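Every read-out reported here was derived from the displayed coordinates using simple, explicitly stated rules and does not represent laboratory data. All of these numbers come straight from a predicted model, not from anything done at the bench. Virtual Cβ from ideal backbone geometry, glycine too; neighbours counted across all protein chains shown.
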Amino acid sequence: MDSTSLEQVPQNGATDVDAVVIGAGIGGLYAVRRLAADGLSVLGFDSASDVGGVWRHNGYPGARVDIEAYYYCFFDPEIYGKWQWSMRYPPQAELLAYLQHYADHYGLRQFFRFSTRVQEMQWQPQTNRWQVRTDTGETVYARHVVMATGQLSKSRQLPFAGVEDFQGQWLETSHWPDEPVDLTGKRVAVIGTGSSGAQVIAAIAGQVESLHVFQRTPNYVVPSQNSPMDQDRYRRLSEDLGELWNKVMGTGVAYLAPTTEVPASSMTAEQQQQRLEDQWAFGGLSMTFAFPDQKTDWQTNDLVSEFVRGKIRAAIDDPALADKLEPRDYPIGTRRLVVCNGYYEAFNQDNVQLVDLRTDSIERVTATGIETGAGFHEVDVIISALGFDAFTGALDAIDIRNAEGQKPTDGWERGPHAYLGLMVHGFPNMYVLTGPGSPSVLVNFNVHNVFHVDYVADLISFMDGQGYAAVEATREAQDDWHTRTQEAADGLLRKQVKNYMVHVNDDGSRVFIPYAGGWSTYVDIAKGIADKGYAGFTFTGQDRSDSATANRASAALSL
Ligand code: NAP
């Protein structure tokens, strides 16, 4: 199929398609592939100049995935086992190359308009279409819109006074420039010490003249224990991808992790220490899986937290510095564990200085550096690694309006939520991949995106089979799911700690945003709902245009 067939059914001089997909990252690429394979006419948009999504934008030094590549990939027989990964945890450049290869392999670029930002979406109930407008002046009408915009894609605003005065180079980890950045011999500040900040700090410490690290909350940073991919294992897994997929779908986190069912209380002190050492040796996120009760039991969690704090103290030469870098006021795993090699070791270098924002504060940015209450840090480059407007940012970046003129985030004052984390009541035919109320950031995004896209594709196919034009989550189903999401998080230490997964209301009540009941439970519930004829969804209308059928016939692909 060539891209011209996308424009065969004009409406008011504009393109009319079955589905618009916004975003060309993991979810967007798979959505285009699956929907086009189903015979739908599809048009994708991405503001970047090529595919990759977050794996394109987060090209900062040290960026690397923290889930093993055996599972952080498409379980696609045409690619799995053939694509060669170098390491268990490959670097960003390799993940980007992989997604580019996926796009090449299936000819997916032809479906996308790159360097094109979707600015407005308006639901038109008369035609059961979304009117989609872009910053290039294009208007597209779509029966369905797949929001593959990601939950961690819209960077936080810079909250510091004087940012515009800075005469040096300002870089953001989440929107790293495409062209090479040479930091050799530069005086560099990094603000933020989450996954992005830690990775960039460890990567550049040995290269820059001076590194000033602005830390607000110390994190538990654990090594990946990265090693080359076990090629025999990779080949064996590739031989039965169906089985691998089923196993992954049966896990709590959408990948095979070194978990145990044995609680800490059933082990002797020696067994507990051995378990902790084994998890440490495995690396990556495994310290979150040392004991099943560490998520809910303070005492068990403290075993794990103290073990990791001991490793932190051992890695840092200066005990006073270790004191500042050690996370002591919250339990491990209640904020996203940071996986990064060489982070604490970087602070043993003379050129690396910690600015502790718990005892000092950023007053303003000046032309030449950062002024804090306690002094001035003259730098050539400032790297901000402040994180994202998680869950709401990417949706709010587009002016999305339903028939009543409301935005999808209007009803989220008391916390973002959506039915199954996929559909917002009042917004027909709009699907938010890995949205609030789905397992989302708690699990493997790659598998999660594929599951959600397949779910949406099956839903569309069901609608087409029944002659329905519009689907919407009912308010009751959405509210009920929200309640279930909160119940699933009850008792979790994570809900009691400040982090981007928790929405805190003015009255102090806390809303846990992702579904924490476990991946396999979520999958079973979602499938059960589909099996019951999509309980909780309402279907309306007949498609009033022949274009869908016409498009489908012209767009049928043999992917
Ligand atoms: P993040 O975890 O939200 O970290 C943001 C950092 O900026 C925190 O240290 C935060 O401090 C600090 N910060 C925010 N506002 C600040 C302010 N006004 N002044 C000073 N410091 C401020 O963001 P991220 O590191 O980009 O990671 C986000 C998520 O992306 C991760 O949880 C992970 O899921 C994903 N990620 C994964 C990888 C990977 O290993 N594969 C790499 C990068 C990102 P506080 O903690 O005090 O708020």
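Looking only at region 454-481, which residues are surrounded by 20 or more Cβ atoms within 10 Å (Cβ to Cβ), more than 28 Å from the chain's Cα centre (by Cα) and closer than 28 Å to residue 75 by Cβ? If the condition is that a residue be surrounded by 20 or more Cβ atoms within 10 Å (Cβ to Cβ), more than 28 Å from the chain's Cα centre (by Cα) and closer than 28 Å to residue 75 by Cβ, then 463 is the only one that fits. Considering the conditions (1) surrounded by 15 or more Cβ atoms within 10 Å (Cβ to Cβ); (2) more than 16 Å from the ligand (Cβ to nearest atom); (3) of a type outside the set (D, E, K, R); (4) in a loop (DSSP other than H, G, I, E, B), residue 224 is excluded by exactly one of them, (2).
The residues in region 465-498 that are out of contact with any strand residue (DSSP E or B) (no Cβ under 9 Å at 6 or more places or on another chain) and within 27 Å of residue 28 (Cβ to Cβ) can be counted, and the count is 1. Just the residues that are within 22 Å of the chain's Cα centre (by Cα) and free of Cβ contacts under 8 Å to residues at least 40 places away in the same chain, please, taken from region 485-497. Selection gives 486, 488, 489, 495. Annotation: of all residues in region 511-526 being within 16 Å of the ligand (Cβ to nearest atom) and more than 18 Å from residue 249 (Cβ to Cβ), the one that is surrounded by the fewest Cβ atoms within 10 Å (Cβ to Cβ) is 512. Picking from residues in region 158-174 that are of a type in the set (S, T, N, Q) and within 14 Å of the ligand (Cβ to nearest atom), the one that is nearest to the chain's Cα centre (by Cα) is 174.
Do the conditions hold for residue 262, that is, is it surrounded by fewer than 17 Cβ atoms within 10 Å (Cβ to Cβ) and among the aliphatic types (A, V, I, L, M)? It is true that residue 262 is surrounded by fewer than 17 Cβ atoms within 10 Å (Cβ to Cβ) and among the aliphatic types (A, V, I, L, M).
So, residue 93, is that one assigned to a helix (DSSP H, G or I), away from the ligand (no atom under 16 Å from the Cβ), small (Gly, Ala, Ser) and closer than 27 Å to residue 172 by Cα or not? So residue 93 fails the test.
Consider region 372-385 and keep the residues that are more than 14 Å from the ligand (Cβ to nearest atom) and either in contact (Cβ under 8 Å) with a residue 24 or more places away in the chain or within 33 Å of the chain's Cα centre (by Cα) (or both). The one that is surrounded by the fewest Cβ atoms within 10 Å (Cβ to Cβ) is 378.
Take residue 64 and decide whether it is closer than 17 Å to residue 341 by Cβ, within 14 Å of the ligand (Cβ to nearest atom) and touching an Asp or Glu at 6+ places or on another chain (Cβ under 7 Å). For residue 64, the condition - closer than 17 Å to residue 341 by Cβ, within 14 Å of the ligand (Cβ to nearest atom) and touching an Asp or Glu at 6+ places or on another chain (Cβ under 7 Å) - is not met.
For region 527-537, the set of residues classified as of a type in the set (Gly, Ala, Ser), outside any loop (DSSP other than H, G, I, E, B) and surrounded by fewer than 14 Cβ atoms within 10 Å (Cβ to Cβ) consists of 528 only.
Just need a number here: residues in region 108-155 that are more than 22 Å from the chain's Cα centre (by Cα) and closer than 18 Å to residue 175 by Cβ. The qualifying residues number 1. On inspection, residue 179 passes the criterion of being farther than 17 Å from residue 344 by Cβ and assigned to a loop (DSSP other than H, G, I, E, B).
Could you say whether any residue in region 67-83 is touching a helix residue (DSSP H, G or I) at 6+ places or on another chain (Cβ under 8 Å), over 27 Å from residue 256 (Cβ atoms) and either aliphatic (A, V, I, L, M) or surrounded by fewer than 23 Cβ atoms within 10 Å (Cβ to Cβ) (or both)? The answer is no, given that none of the residues of region 67-83 is touching a helix residue (DSSP H, G or I) at 6+ places or on another chain (Cβ under 8 Å), over 27 Å from residue 256 (Cβ atoms) and either aliphatic (A, V, I, L, M) or surrounded by fewer than 23 Cβ atoms within 10 Å (Cβ to Cβ) (or both). Taking each residue of region 54-67 that is touching a residue at least 60 places away in the same chain (Cβ under 8 Å) and part of a loop (DSSP other than H, G, I, E, B) and looking for partners that are of a type in the set (Ser, Thr, Tyr) and more than 9 Å from the ligand (Cβ to nearest atom) with beta-carbon atoms closer than 6 Å, six or more apart or interchain, yields 67/255.
Among the candidates 98, 72, which residue alone is aromatic (Phe, Trp, Tyr) and within 12 Å of the ligand (Cβ to nearest atom)? Result: 72 is the single residue among 98, 72 that is aromatic (Phe, Trp, Tyr) and within 12 Å of the ligand (Cβ to nearest atom). For first residues located in region 195-217 and away from the ligand (no atom under 15 Å from the Cβ), partners that are part of a helix (DSSP H, G or I) and lie 6+ apart or on another chain with Cβ distances below 8 Å form the pairs 205/346; 206/346; 211/201; 211/204; 211/346.
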